[in-house]
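Let me begin by presenting the structure, written as structure tokens, before commenting on it.
The values are calculated or read from the model by the stated rules, or taken from the named source; none is laboratory data. None of these values were measured; they are calculated from a predicted model. Every residue, glycine among them, receives a Cβ derived from its backbone with ideal geometry; neighbour counts consider all protein chains shown. Only protein heavy atoms, including side chains, enter the accessible area calculation; ligands, DNA and RNA are left aside. Shrake-Rupley method; radii C 1.70, N 1.55, O 1.52, S 1.80 Å.
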Amino acid sequence: MAKKIFPYLLLVPTFIIIVIFIYYPAFQTFKLSFYKISPFGNRLFFVGFQNFWSLFTSGQYIQSALTTLIFVTVTVIGGLVISLFLALLLNEKVPGIGIFRTLIFAPYAISPAVAGTLWAFLLSPVAGYVSYLFLILFKAQPQWLTTYPLALIAIMIATIWKNLGFNVIFFLAGLQSIPQSYYEAATIDGANSFDRLLRITIPLLSPITFYLIVMNVTFTAFSAFATIDVMTQGGPANTTSTLIYKLYQDGFVNFNTGFASAESVVLILIMAVFTYLYFKFGQKAVFYQ
Amino acid sequence: MKNNKKLIRTILIEALLIFVTIIILLPLFLAVTMSLKKPSEVFVYPPTIFPNSFYIQNYVSAFNSINLGRLMLNSLIMSIVIMAGKTIFGILSGYAFSNFKFKGSSLLFAALFVTLFMPAELIMIVPLFQIMQSLHWVNTYWALTVPFLASATTTFLMRQHFMTIPKELEDAAKIDGAGPMRFLLEILIPLSKSTIGGVAVINFVYAWNLYLWPLVVTNSNEMATAQIGLKMLTNVESTSNWGVIMAGTLMVLAPTLILFFAVQKLFVRGIVTTGLKE
């Protein structure tokens with residue numbers, strides 16, 4: 001008997017946490033999205049789909065969805081291309097490669113908030129080196145953090161930089177798992193190095209790339225909150241307010257709980273689709289590590 | 001001729017590597033030099049790269065202006081507790097899924113799996129905050145740690161790892177009369193040291209770098225965390241004294257960066273096996 005319940009006992013702590021702090025809030029989110037809450041938070045009124053209706057007809061919400069889409073697309077594609085290039089370099093057998101790897105992996109340890117303050121400094125008008133560089137090169141001194149679309153670009157740069165370490169580590173692990181013999185065979189058949197990259201490396205990296213896309217999209221969409229909060233606080237004129245930033249503002253600045261819950265429901269549904277795609281197409285990527 | 005070509009290639013790659021490494025690390029380097037500049041030097045135009053002074057006072061100012069010592073202590077407590085919880089509970093639940101056949105195991109496994117992409121502290125933050133209110137946990141260490149004590153990610157990683165350990169060991173232990181708990185503690189865990197180490201380090205960094213949750217769940221400079229301190233610092237130093245802000249930034253970054261360099265092997269192993277970030 002004791003033997004039978006043993007595995008369940010092992011699971012108890014994990015499931016207590018998961019049920020109370022993930023399942024129950026998920027249930028509450030769905031429930032609250034159909035209610036309006038009185039200003040003092042003590043009464044609930046059932047309003048049906050009204051929160052969703054005001055959500056999808058809200059210009060600000062649509063704008064924030066578009067901002068998120070642009071921000072995530074550019075950041076993920078740009079970040080992965082740069083990371084793949086770096087990983088190819090780091091896969092070369094040249095002296096001191098171990099040191100280069102350690103140094104280029106390092107941004108992994110940097111938090112989104114730290115990335116935010118660092119780039120806010122580099123892009124600041126007087127003390128910032130990037131601004132100064134722009135003045136020398138282009139005779140222009142743009143106000144990075146207070147004009148559109150530069151503020152969004154600034155956050156993209158900080159996020160891409162912060163994500164480099166993680167992406168490079170994965171791409172490099174992927175590159176190292178490709179058998180050397182494939183390249184040798186291709187060389188004998190007369191393939192040049194560009195052919196080899198296009199025909200061998202990139203196709204064989206596709207499971208890892210898929211995995212990295214999924215992870216990057218989630219990190220970029222959500223973790224960039226800290227970078228945004230430190231650099232622009234959603235401004236100028238909400239042009240850097242992504243979906244998660246807007247959720248925070250509606251929930252904790254404007255105290256519009258019902259509306260915020262409807263926003264949460266949309267995010268949960270997006271993540272559910274993501275989870276589905278991930279397990280349908282991406283499982284291999286993880287378990288081949 | 002062929003050797004020459006190879007040498008040139010090596011030199012080119014080496015040069016390119018040095019170039020990209022400098023570019024990538026330049027923000028950190030410039031932060032260090034800025035953190036050593038006197039206030040009068042911060043806005044010297046054009047900006048100088050190397051400071052004329054070695055103005056350690058910036059670090060003291062960062063500590064004093066936002067209570068950074070306390071905030072870093074809070075982050076440390078939070079990160080250690082979350083790291084311990086996630087790792088220990090992950091080992092236990094991973095062990096259940098890897099070494100036991102029991103009724104409902106695949107259902108429970110699926111129930112855990114779907115939470116993988118459900119960061120409640122982000123996308124369900126409103127109801128999660130309400131739970132904290134009803135537990136009277138707002139502005140306490142409970143709120144900062146308890147919701148993060150277990151996760152699907154660590155469970156899966158430990159399960160995957162335990163499944164690679166030969167079944168014969170378990171059978172041998174059984175014959176020797178060792179119960180399942182003793183097998184876990186005396187055989188499985190010692191055999192999994194580097195995986196567990198990697199996961200623990202990753203979980204520490206994850207917790208240290210949390211931002212949105214500490215932002216909403218704490219409301220005093222006694223209970224906030226180091227990451228939130230950066231926002232406070234930028235607000236307090238409203239004249240943009242970048243020297244002080246960079247000093248603070250570097251101190252908040254230091255623990256994870258030092259940890260990264262100290263245990264890089266474990267770290268990279270942890271990242272590649274968990275795929276976990278933030």
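Would you call B:Val114 within 9 Å of chain A (Cβ to nearest Cβ) and under 25 Å from B:Tyr211 (Cβ atoms)? Full working, then the answer.
On the way: within 9 Å of chain A (Cβ to nearest Cβ): yes; under 25 Å from B:Tyr211 (Cβ atoms): yes.
Yes, satisfied.
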All positions within the range A:174-189 that are of a type outside the set (A, V, I, L, M, F, W, C) and either open to solvent by 60 Å² or more (accessible area, probe 1.4 Å) or touching a strand residue (DSSP E or B) at 6+ places or on another chain (Cβ under 9 Å) (or both): A:Gln176, A:Ser177, A:Gln180, A:Ser181, A:Tyr182, A:Glu184, A:Thr187, A:Asp189
Filter result (farther than 15 Å from B:Leu108 by Cα, among the hydrophobic types (A, V, I, L, M, F, W, C) and open to solvent by less than 70 Å² (accessible area, probe 1.4 Å)) within the range A:7-27: A:Phe21, A:Ala26
Of all residues making up the range B:123-148, the number that are open to solvent by 30 Å² or more (accessible area, probe 1.4 Å) and either basic (Lys, Arg) or at the interface with chain A (Cβ under 8 Å from one of its Cβ atoms) (or both): 2
Those residues of the range B:134-171 which are without any contact (Cβ under 8 Å) to a residue 60 or more places away in the chain, farther than 19 Å from A:Ile16 by Cα and of a type outside the set (Ser, Thr, Tyr), in sequence order: B:Ile165, B:Pro166, B:Lys167, B:Glu168, B:Leu169, B:Asp171
Residue in the range B:242-252 that is open to solvent by 20 Å² or more (accessible area, probe 1.4 Å) and within 16 Å of the chain's Cα centre (by Cα) present: yes
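If I ask for residues that are within 21 Å of A:Phe222 (Cα to Cα) and either of a type in the set (A, V, I, L, M, F, W, C) or surrounded by 24 or more Cβ atoms within 10 Å (Cβ to Cβ) (or both), which ones from the range B:215-231 would you list? Break it down stepwise before answering.
The first filter runs over the range B:215-231 and keeps only residues within 21 Å of A:Phe222 (Cα to Cα), leaving B:215-218, B:224-231.
Of everything in the range B:215-231, those that are within 21 Å of A:Phe222 (Cα to Cα) and either of a type in the set (A, V, I, L, M, F, W, C) or surrounded by 24 or more Cβ atoms within 10 Å (Cβ to Cβ) (or both) turn out to be B:Leu215, B:Val216, B:Val217, B:Ala224, B:Thr225, B:Ala226, B:Gln227, B:Ile228, B:Gly229, B:Leu230.
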Enumeration of residues in the range B:229-254 that are part of a helix (DSSP H, G or I) and either more than 9 Å from every other protein chain (Cβ to nearest Cβ) or of a type in the set (Gly, Ala, Ser) (or both): B:Gly229, B:Met232, B:Asn235, B:Val236, B:Gly243, B:Val244, B:Ala247, B:Gly248, B:Met251, B:Ala254
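With B:Gly94, B:Gly104, B:Gly69 as the choices, which residue is crowded, with 16+ Cβ neighbours inside 10 Å and either over 30 Å from A:Leu267 (Cα atoms) or not hydroxyl-bearing (Ser, Thr, Tyr) (or both)? Give the steps one after another, and end with the answer.
Working: B:Gly104 fails: crowded, with 16+ Cβ neighbours inside 10 Å; B:Gly69 fails: crowded, with 16+ Cβ neighbours inside 10 Å.
The match here is B:Gly94.
Return the residues of the range A:108-118 that are within 7 Å of chain B (Cβ to nearest Cβ) and part of a helix (DSSP H, G or I); say none if nothing qualifies. Outline the logic, then answer.
Keep residues of the range A:108-118 that are within 7 Å of chain B (Cβ to nearest Cβ), which gives A:108-114, A:117-118.
Hits for the range A:108-118 are A:Tyr108, A:Ala109, A:Pro112, A:Ala113, A:Val114, A:Thr117, A:Leu118.
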Extreme residue, nearest to the other protein chains (Cβ to nearest Cβ), among residues of the range A:35-56 that are in contact (Cβ under 8 Å) with a residue 12 or more places away in the chain and under 29 Å from the mean Cα position of the chain (by Cα): A:Asn51
Residue list for the range A:57-87, filter: more than 16 Å from the chain's Cα centre (by Cα), surrounded by fewer than 16 Cβ atoms within 10 Å (Cβ to Cβ) and either in a helix (DSSP H, G or I) or within 9 Å of chain B (Cβ to nearest Cβ) (or both): A:Gly59, A:Gln60, A:Ile62, A:Gln63, A:Phe85
Residue in the range B:87-101 that is at the interface with another protein chain (Cβ under 9 Å from one of its Cβ atoms), of a type in the set (S, T, N, Q) and closer than 30 Å to B:Phe156 by Cβ present: yes
Number of the condition not met by B:Leu25 [criteria: (1) within 22 Å of the chain's Cα centre (by Cα); (2) in contact (Cβ under 8 Å) with a residue 60 or more places away in the chain]: (2)
Where a residue in the range A:230-259 is over 20 Å from A:Val74 (Cβ atoms) and facing chain B (nearest Cβ under 9 Å) and its partner, wherever it lies, is among the aromatic types (Phe, Trp, Tyr) and open to solvent by less than 20 Å² (accessible area, probe 1.4 Å), with Cβ under 8 Å and at least six apart: A:Tyr248/A:Phe225
